[in-house]
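Enquirer: Here it is: the structure, laid out below.
The values are calculated or read from the model by the stated rules, or taken from the named source; none is laboratory data. Because the structure is a prediction, the values reported are computed rather than measured. As a convention, Cβ positions derive from the backbone with ideal geometry for all residues, glycine included, and neighbour counts pool all protein chains shown. Heads up: the accessible areas ignore ligands, DNA and RNA and are worked out on the full protein's heavy atoms, side chains in. Shrake-Rupley method; radii C 1.70, N 1.55, O 1.52, S 1.80 Å.
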Amino acid sequence: MSRRHCVPWLLTWVVLIWQAGCCLQDSIGAVGSFSHVRPFSNKSNFDQGYCERKRKTNSFCVWSLSSESLIATLPVDTIPENSIREVRDCIFSIAYPTPFRSRVLLVAVSKDVLEGILDLDVSVKETDDFLQLVSGGKVVLGSIPLAHRYGGHQFGSWAGQLGDGRAHLIGVYTNRYGERWELQLKGSGKTPYSSLVVSNDDVWRDQFYNGSVKKERGAIVLRVAKSWFRIGSLEILAHSGELDLQRTLLDFVIQEHFPSVNMNDSNRYLDFFSRVVLETANLMALWMSVGFAHGVCNTDNFSLLSITIDYGPFGFMESYDPNFVPNTSDDERRYKIGNQANVGMFNLNKLLQALKPVLDRRQKQLAFQILEGYSEHYYTRFTELFRAKLGLLGESEDDNYLIAFLLKLMEDTKADFTMAFRQLSEITQDQLKELRIPQEFWALQDLAKHKFFSDWVTIYLLRLGRNMGDSDSTRRKRMTAINPRYVLRNWMAESAVRKAKMNDFSEVHLLQEVLQHPFQRQAAAEKAGYSLRPPSWAKDLKVSCSS
């Protein structure tokens, strides 16, 4: 999806690497025995005048990546060994990726990310340097791969030290727009925080998080985000009493990512918390607006920048069901889609607990009041988004009732969430008024089976009639720009994975292309049945998507 679209996550993956064979190279030690991509510039991006001079390139010789902005301020683990252990008094450990011994295959690349974010021409994917970089075989000269130390509350309980167990931050890139992006490899080998078991042959994976571990082929994804710091980044420091380090990290995060917060203000941590509360409420509402369930909303998976990171097992709700749970190991349904807003509140409360040691008494009281405002922020944004999904202009005191009425009809009829809203975007008001629903609008046909559907239509059409200066065609154009026609449904991902296991990545590429433009009707997507009812074999399919 384009960065211009209002999507529920801002995490973007650059490239997916698939192991061609089944052997993993033994873990490489710390600095010294690891190879680097040939001549990268080691000058700072500011020295190069990035705003004026940077252009897309297919040569790594003029492309720079660095860890300097992180490790110049944030301390690194003094113990060099890559051994699983308790780590203290640092934010990062130096840890190099473990490259595959056998041949690797480049599965997919995001052209938007390469060209729009990383200033690389898409043709760079054909080079061996690129393949080595994204598969963990080489690192950029001048950059030091890092594993981040953090803790977190998992399923409501403090889990202690967690950290990047199979991920490596390979550097920071500042592009021609002055945007700072952190590049991270996922699935790239063990770190001092590892909990993933590997052998020299295959990767062991608990696909459904239910204790059923099996061998699978290894894969690595290179993903980018503005930051990978999360609530757990601060929690681990508060729990270990490392308050000076906590202040250092807080100041770094604020200075890098919260420019509206005055660094010289004694209330800067309070202002920071206020913005995180507001943006987290916004993110939770965005998730709900597209039926996205994160799956594992632990505090170690909640970004301080309120972007979607480390989701999985995630899922997009098909039939509307507030109890939808994409994670089969979540027996208590803690992270069901209807509880995500409450979980956001829980996680923000844990963030407040972590911040308390650096707040004075007055600031603590104000912070608690800020947290109490979370629910109002969430419901306000939720209403705004769903009002827009229904094509409503302005505000009416009855809008909440209209939205709740529709969702209740959808719940009772098990209507498809995504397609019901999309088809409301495509059907005309005359067709709705006469209850003439074409066969292609199958989700609306399901909804129309409810005995109160006609009552809802009457109220809805009356509300649309109060849209000043609006026309039906304008309304439909507006709604199709906000209600996606395509989302990554579990059966689509499963079908693509089955083919990929046989080195057929055609459906991966198709999904990638379709989901870059989810609001536009696409011939290839229609031919693949992406806007139709799920196939019969998908009914009992367990959710297995993850980040």
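Enquirer: Search the stretch 85-100 for residues that are within 17 Å of Ser66 (Cβ to Cβ) and in contact (Cβ under 8 Å) with a residue 24 or more places away in the chain and pair each with any residue that is among the polar types (S, T, N, Q) and not in a loop (DSSP other than H, G, I, E, B) when their beta-carbon atoms are under 7 Å apart and the residues are at least 6 apart or on different chains.
Expert: none
Enquirer: A follow-up question, please. Being charged (D, E, K, R), at pLDDT 95 or above, part of a loop (DSSP other than H, G, I, E, B) and open to solvent by 20 Å² or more (accessible area, probe 1.4 Å) is the requirement here; does Asp321 meet it?
Expert: yes
Enquirer: Checking Gly469 against (1) under 15 Å from Gly391 (Cα atoms); (2) assigned to a helix (DSSP H, G or I); (3) open to solvent by 70 Å² or more (accessible area, probe 1.4 Å), which test does it fail?
Expert: (2)
Enquirer: Let me ask you something else. Please go through the stretch 54-80 and give me each residue that is assigned to a loop (DSSP other than H, G, I, E, B), closer than 29 Å to Asp251 by Cα and open to solvent by 60 Å² or more (accessible area, probe 1.4 Å), ordered by number.
Expert: Once the filter is applied, which keeps residues that are assigned to a loop (DSSP other than H, G, I, E, B), closer than 29 Å to Asp251 by Cα and open to solvent by 60 Å² or more (accessible area, probe 1.4 Å), the stretch 54-80 yields Ala72, Thr73, Thr78, Ile79, Pro80.
Yes/no per residue for (1) farther than 19 Å from Lys389 by Cα; (2) of a type in the set (A, V, I, L, M); (3) buried (at least 16 other Cβ atoms within 10 Å of the Cβ):
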{"residue": "Leu406", "(1), (2), (3)": "no, yes, yes"}
{"residue": "Asp416", "(1), (2), (3)": "no, no, yes"}
{"residue": "Ile427", "(1), (2), (3)": "no, yes, yes"}
{"residue": "Glu440", "(1), (2), (3)": "yes, no, no"}
{"residue": "Phe452", "(1), (2), (3)": "yes, no, no"}
{"residue": "Thr458", "(1), (2), (3)": "no, no, no"}
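Enquirer: Mind listing whichever residues of the stretch 339-381 are surrounded by 19 or more Cβ atoms within 10 Å (Cβ to Cβ), over 20 Å from Cys297 (Cβ atoms) and within 26 Å of the chain's Cα centre (by Cα)?
Expert: Ile370
Enquirer: Same structure, new question: Restricting the search to the stretch 475-531, which residues are under 30 Å from Leu464 (Cα atoms) and aromatic (Phe, Trp, Tyr)?
Expert: Of everything in the stretch 475-531, those that are under 30 Å from Leu464 (Cα atoms) and aromatic (Phe, Trp, Tyr) turn out to be Tyr486, Phe519, Tyr530.
Enquirer: Here's something else I'd like to know. List the pairs whose first member sits in the stretch 507-525 and is in contact (Cβ under 8 Å) with a residue 60 or more places away in the chain, whose second member is of a type in the set (Ser, Thr, Tyr) and part of a helix (DSSP H, G or I), and whose Cβ atoms are under 9 Å apart, counting only residues at least 6 apart or on separate chains?
Expert: What qualifies is Phe519/Thr480.
Enquirer: Look through Ser289, Ser260 and report the one residue that is open to solvent by 40 Å² or more (accessible area, probe 1.4 Å) and among the small types (Gly, Ala, Ser).
Expert: Sole residue among the options that is open to solvent by 40 Å² or more (accessible area, probe 1.4 Å) and among the small types (Gly, Ala, Ser): Ser260.
Enquirer: Answer with yes or no whether Ser123 is of a type outside the set (Val, Ile, Thr) and out of contact with any strand residue (DSSP E or B) (no Cβ under 8 Å at 6 or more places or on another chain).
Expert: yes
Enquirer: Then there is this: Considering only the stretch 263-280, state which residues are open to solvent by 40 Å² or more (accessible area, probe 1.4 Å) and either within 19 Å of Tyr150 (Cβ to Cβ) or assigned to a helix (DSSP H, G or I) (or both).
Expert: Those that are open to solvent by 40 Å² or more (accessible area, probe 1.4 Å) and either within 19 Å of Tyr150 (Cβ to Cβ) or assigned to a helix (DSSP H, G or I) (or both): Arg268, Asp271, Ser274, Arg275, Leu278, Glu279.
Enquirer: Same structure, new question: Just checking, how many residues over the stretch 479-493 are assigned to a helix (DSSP H, G or I) and either of a type in the set (Gly, Ala, Ser) or open to solvent by 70 Å² or more (accessible area, probe 1.4 Å) (or both)?
Expert: The qualifying residues number 1.
Enquirer: So in the stretch 60-81, with the set limited to residues that are among the acidic types (Asp, Glu) and modelled with pLDDT under 95, which one is farthest from Leu141 (Cα to Cα)?
Expert: Glu81
Enquirer: Please work out if Leu183 is under 30 Å from Leu250 (Cβ atoms), modelled with pLDDT of 95 or more and touching a Gly at 6+ places or on another chain (Cβ under 7 Å).
Expert: Yes: the conditions hold for Leu183.
Enquirer: Now a separate question. Given the conditions (1) among the hydrophobic types (A, V, I, L, M, F, W, C); (2) at pLDDT below 90; (3) open to solvent by 80 Å² or more (accessible area, probe 1.4 Å), and given that Ile17 satisfies all but one, which numbered condition is not satisfied?
Expert: If we test Ile17 against (1) among the hydrophobic types (A, V, I, L, M, F, W, C); (2) at pLDDT below 90; (3) open to solvent by 80 Å² or more (accessible area, probe 1.4 Å), just (3) comes out false.
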